Amino acid sequence: MGGGWTTRNTYNMSKFTALYYQKYLYTGDERWLKEQVYPAARATAEFYCGLKAGCQYAGGDDNGPEGMAILKKEADGKYHLYGTELHEHIWWGKDIIEDLVGIRGVFPLAIALSKKYNVDVDKRAEWQEVLDNLAPYPRSEMAGAIAGLGPGTWAQGLAPNGKLRGNYGDESPRMGP
């Protein structure tokens, strides 16, 4: 981590992995699945699991609250993700929805392909444990919700967070997924 605040847009790894997988679904190219899709899915899963140890960017003023991106299992038994960003609009947020979506999308793929190719057997249990205990998607009615559109809708993340920027202070709901 480091090199500027946009490096915390970590969900992009999941998006690229999804595009790789979509190419496989379109072409049926088993070689592509094995040589491109699985390595991308594995790297994404390993990156997020690696955040349990935390990533520290040392220096500069762009590193947010406590300077950490971390995946932390809390008293509720769920893994919560801190210190990532959404679209350059929510800086250093908690449980950014696109990260949670990415984890829920890529981890099952990494697990399935690990089984298919009989590789990384030692990683599967950790990937599954994170997946099974991941925080729920943030909703507008949750305490600390950021950039929701009202009760009954998803929010883009939760507090604590750093800077919010954009028109009206919450550009994400209008520009986000």
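Okay, here's what the table says:
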| quantity | calculated |
| --- | --- |
| Too-long pairs where the Cα-Cα distance tops 28 Å, listed order kept, from Lys73/Lys123; Lys23/Lys73; Lys15/Lys115 | Lys23/Lys73 |
| Amide hydrogen neighbours beyond the local backbone of Gly157, cut-off 5 Å, H modeled | Ile97, Ile146 |
| For peptides 106-112, 69-75, 82-88, sequence by mean Cβ density within 10 Å, most packed first | 82-88, 106-112, 69-75 |
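Here, each number is a calculation from the coordinates, and none is a lab measurement. The structure displayed is predicted, hence computed values, not measured ones. Positions of Cβ are generated from backbone atoms using ideal geometry, with glycine treated the same way; all protein chains shown enter the neighbour counts.
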